[in-house]
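Asks: Sharing a structure, written as structure tokens. Questions coming.
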Amino acid sequence: MTQTAFKQERVSAAGASVTLRGITRRFGNNSVLEGVDLDIKPGEFVAIVGKSGSGKSTLLRVIAGLDHDFGGALTIGGAGGVKTTARIMYQEPRLPPWASIIDNVAFGLGPTPSRQDALSKARNALEAVHLADRGPEWPDVLSGGQKQRVALARALVSRPDLLVLDEPLGALDALTRIGMQSLLENVWQEEGFTAILVTHDVTEALTLADRIVLIENGQIALDLDVPFPRPRRRGSVQFAALADELLSALLKSKSQTEEYVI
Amino acid sequence: MTDLALRVSGKRVGRGGALALPSRLSPKGIVPWLLPLTILIVWQASASLGQLPASILPAPSEVLAAAWRLLRSGELATNAGVSFSRAASGLIVGGTIAFSFGLSNGLSRLSERATDTTIQMVRNIPNLALIPLVILWFGIEEGAKLFLVSFGVFFPIYINTFHGIRTVDPQLVEMARSYGFSGFALFRRVILPGALPSILVGLRYALGIMWLTLIVAETIAAQSGLGYMAMSAREFMQTDVVVLAILIYALLGKVADSAVRVIERLSLSWHPAYRKGRRA
Ligand SMILES: Nc1ncnc2c1ncn2[C@@H]1O[C@H](COP(=O)(O)OP(=O)(O)O)[C@@H](O)[C@H]1O
Ligand SMILES: [Mg+2]
């Protein structure tokens, strides 16, 4: 899997740095984030894990700039001090069905790109996700995995410094998910953006991330470096050991809102 | 390509009309027409054999002859033209106002709070109940017809525009906002296309109400138009003209409905229910 289309246009590969200081967020009486401190280096790939309802999406929406009602300080440093915009990828592809696939990708360039420019950029982005020849079709003819690839192309077409992903592969079948993971890793290596991935899949976190943080009780409970060289082999002993450690940390962690009552 | 077309038509059979087109040309396509054809033949035969007095129901051939007569004298074209322009102007006036209210109430909570309750209250007035009052206000001039038709088409278009905008997928709106869309760009690229299927449903309802209102208004109080033509023919026992007027109303209604179907097929080509094949 190569991203020749993207490589040719590449000017400078650099991601944004992200600094969180004492981030808090509450919904009414429900305090979801209770002081999150986190430093993410430019170009780093960070995975966020935690129980359902632990506030992963909430944190991600704060970082992505979709939620402004939080406490604490959030700093996003663009490459070379330039102001950046984060791009977000959701669990659902969120492709407007009335726009063709290529127009859907062009959505990622905002409301006022020049038509010619937008189409050529969108075409390159589609090529990067191996859907080059599907541009004129309607999105609902695509499979779930293909739709998420279009959503990825849309997120990347503006060449963001920061990409946040909220369980983007959660709805895909196991095989498609593995393909998407390696696509994501490739694009990330080509583009050099900073990536923050929320996932409930420990293997996925270990396959993709430089660092894994665990959210518990509204705070960072565990911050783990993943030292394996890429591309990673799921089968190795060290991999399995780390997966075990992470899984037991996850299971021990008590989310504020218990999912079950005995 | 064919594979896709097959899958699409196989998936949605509910809306037969648009997708069943090819089958109309096959022998099976004749079946729906057998019954109306039989009725027509029996009707003509019983009239010719003297079983059906012309004062009750004239033979199809007499209706055709009346059509020819009125066409040659120009009466038919004049009256049909008058009715059509009344229908169109009422639809344009009422539809534009309704669309504007639907937009502003769909997009702004403040606007909704200010006007929606009032509109819902007025909606309970059957528009034909207003005829006596409207005659007092406007006499039997064009204003009366314009008012009644506008009033009638207002509600279906208003309600469906409002509903269409309010039910646009909020996840898509959030997505578009995150990519910098706001204001008119957001409206044009996301909200309007998302609301369009509902808006067009409103338009189709409105067309039905438009013809009904116009027929009644022209029959009760008018000095031209198809309804007037039918009523004055009644005074002279010209049943052939009465039946002709009824048939032309049906025809115009059908034409209006087909026009909306064409609009739907053109503007909703992305929608699985309206799609014929891949986009070029
Ligand atoms: N818009 C909202 N209004 C009220 N409560 C919310 C809202 N968004 C999230 N929450 C609450 O915040 C908590 C964390 O939610 P979320 O961040 O979605 O969890 P996660 O993504 O880790 O599963 C949940 O208890 C949820 O009910
Ligand atoms: Mg979540």
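Asks: Of all residues being of a type outside the set (Ser, Thr, Tyr) and not in a helix (DSSP H, G or I) in the stretch B:196-233, which is surrounded by the fewest Cβ atoms within 10 Å (Cβ to Cβ)? Just the residue, please. Steps first, please.
Replies: Going through the stretch B:196-233, the residues of a type outside the set (Ser, Thr, Tyr) turn out to be B:196-197, B:199-204, B:206-212, B:214-218, B:220-223, B:225-227, B:229-231, B:233.
Next, only the ones that are not in a helix (DSSP H, G or I) stay: B:221-223, B:225.
Values: B:221: 21, B:222: 24, B:223: 10, B:225: 26.
It comes out as B:223.
Asks: Would you confirm whether or not the stretch A:150-160 contains a residue that is within 16 Å of ligand 2 (Cβ to nearest atom), within 13 Å of another protein chain (Cβ to nearest Cβ) and in contact (Cβ under 8 Å) with a residue 24 or more places away in the chain?
Replies: Step one: filter the stretch A:150-160 for residues within 16 Å of ligand 2 (Cβ to nearest atom), giving none.
No: zero hits.
Asks: Tell me, yes or no, whether the stretch A:209-229 has at least one residue that is in a helix (DSSP H, G or I), modelled with pLDDT of 90 or more and in contact with a helix residue (DSSP H, G or I) (Cβ under 8 Å, 6 or more places away or on another chain).
Replies: First pass over the stretch A:209-229, keeping only residues in a helix (DSSP H, G or I): none.
The answer is no; no qualifying residue exists.
Asks: Considering only the stretch B:174-183, how many residues are more than 8 Å from chain A (Cβ to nearest Cβ) and either surrounded by 19 or more Cβ atoms within 10 Å (Cβ to Cβ) or at pLDDT 95 or above (or both)?
Replies: 0
Asks: In addition: So which of B:157, B:199 ends up being more than 14 Å from chain A (Cβ to nearest Cβ), in contact with a Gly (Cβ under 6 Å, 6 or more places away or on another chain) and either among the hydroxyl-bearing types (Ser, Thr, Tyr) or touching a residue at least 40 places away in the same chain (Cβ under 8 Å) (or both)? Please lay out each step first, then the result.
Replies: Numbers: B:199 fails: more than 14 Å from chain A (Cβ to nearest Cβ).
Residue meeting the stated conditions: B:157.
Asks: Then there's this: Just one of A:167, A:190 is within 27 Å of residue A:93 (Cβ to Cβ), open to solvent by 30 Å² or more (accessible area, probe 1.4 Å) and not assigned by TED's automatic domain parsing to the domain that holds residue A:45; which is it?
Replies: Numbers: A:190 fails: not assigned by TED's automatic domain parsing to the domain that holds residue A:45.
Result of the check over A:167, A:190: A:167.
Asks: Oh, and also: Identify, please: which residue in the stretch A:60-74 is assigned to a loop (DSSP other than H, G, I, E, B) and out of contact with any Lys or Arg (no Cβ under 9 Å at 6 or more places or on another chain) and is, among those, most open to solvent (accessible area, probe 1.4 Å)? Give the steps one after another, and end with the answer.
Replies: Let us first name the residues in the stretch A:60-74 that are assigned to a loop (DSSP other than H, G, I, E, B), namely A:64-70.
Subset that is out of contact with any Lys or Arg (no Cβ under 9 Å at 6 or more places or on another chain): A:65, A:68.
Details: A:65: 34, A:68: 138 Å².
This residue is A:68.
A quick yes/no check of all residues on (1) surrounded by fewer than 17 Cβ atoms within 10 Å (Cβ to Cβ); (2) assigned by TED's automatic domain parsing to the domain that holds residue A:24; (3) within 13 Å of the chain's Cα centre (by Cα):
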position	(1), (2), (3)
A:181	no, yes, yes
A:185	no, yes, yes
A:197	no, yes, yes
A:203	no, yes, no
A:209	no, yes, yes
A:214	no, yes, no
A:228	yes, yes, no
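Asks: Considering B:168, B:153, B:190, B:241, which residue is modelled with pLDDT of 90 or more and in a loop (DSSP other than H, G, I, E, B)? Steps first, please.
Replies: Numbers: B:153 fails: in a loop (DSSP other than H, G, I, E, B); B:190 fails: in a loop (DSSP other than H, G, I, E, B); B:241 fails: in a loop (DSSP other than H, G, I, E, B).
Being modelled with pLDDT of 90 or more and in a loop (DSSP other than H, G, I, E, B) holds for just one of B:168, B:153, B:190, B:241, which is B:168.
Asks: When the stretch A:34-59 is examined, which residues are found to be open to solvent by 10 Å² or more (accessible area, probe 1.4 Å), under 14 Å from the mean Cα position of the chain (by Cα) and more than 10 Å from ligand 2 (Cβ to nearest atom)?
Replies: If the condition is that a residue be open to solvent by 10 Å² or more (accessible area, probe 1.4 Å), under 14 Å from the mean Cα position of the chain (by Cα) and more than 10 Å from ligand 2 (Cβ to nearest atom), then A:43, A:44 are the ones that fit.
Asks: Could you figure out which of (1) away from ligand 2 (no atom under 16 Å from the Cβ); (2) at positive phi isn't true of residue A:210?
Replies: In the conditions (1) away from ligand 2 (no atom under 16 Å from the Cβ); (2) at positive phi, residue A:210 misses (2) alone.
Asks: Now for a different question. Among the numbered criteria (1) within 13 Å of chain A (Cβ to nearest Cβ); (2) surrounded by 16 or more Cβ atoms within 10 Å (Cβ to Cβ); (3) among the acidic types (Asp, Glu), which single criterion is violated by residue B:240?
Replies: With (1) within 13 Å of chain A (Cβ to nearest Cβ); (2) surrounded by 16 or more Cβ atoms within 10 Å (Cβ to Cβ); (3) among the acidic types (Asp, Glu) applied to residue B:240, the lone miss is (1).
Asks: For residues that are within 14 Å of chain B (Cβ to nearest Cβ) and near ligand 1 (Cβ under 8 Å from one of its atoms), tally how many sit in the stretch A:51-73. First the steps, then the outcome.
Replies: So in the stretch A:51-73, the residues within 14 Å of chain B (Cβ to nearest Cβ) come out as A:57, A:60-68.
Still in the running and near ligand 1 (Cβ under 8 Å from one of its atoms): A:57, A:60-61.
Of the residues in the stretch A:51-73, 3 are within 14 Å of chain B (Cβ to nearest Cβ) and near ligand 1 (Cβ under 8 Å from one of its atoms).
Asks: Return only the number of the condition from (1) at positive phi; (2) open to solvent by less than 50 Å² (accessible area, probe 1.4 Å) that residue B:50 does not satisfy.
Replies: Tallying (1) at positive phi; (2) open to solvent by less than 50 Å² (accessible area, probe 1.4 Å), residue B:50 fails exactly one: (2).
Asks: While we're looking at this one, here's another question. When you look at residue A:125, is it buried (at least 23 other Cβ atoms within 10 Å of the Cβ) and more than 18 Å from residue B:194 (Cβ to Cβ), yes or no? Outline the logic, then answer.
Replies: Numbers: buried (at least 23 other Cβ atoms within 10 Å of the Cβ): yes; more than 18 Å from residue B:194 (Cβ to Cβ): yes.
Here the answer is yes, as residue A:125 does meet what is asked.
Asks: Another question about this same structure. Of all residues in the stretch A:105-142, which are out of contact with any helix residue (DSSP H, G or I) (no Cβ under 8 Å at 6 or more places or on another chain) and among the small types (Gly, Ala, Ser)?
Replies: Listed by number, the residues that qualify are A:110, A:114, A:120.
The values are calculated or read from the model by the stated rules, or taken from the named source; none is laboratory data. Nothing here was measured: the structure is a model prediction, and the numbers come from that model. Virtual Cβ from ideal backbone geometry, glycine too; neighbours counted across all protein chains shown. These accessible areas exclude ligands, DNA and RNA; they are computed on the full protein's heavy atoms, side chains included. Shrake-Rupley method; radii C 1.70, N 1.55, O 1.52, S 1.80 Å.
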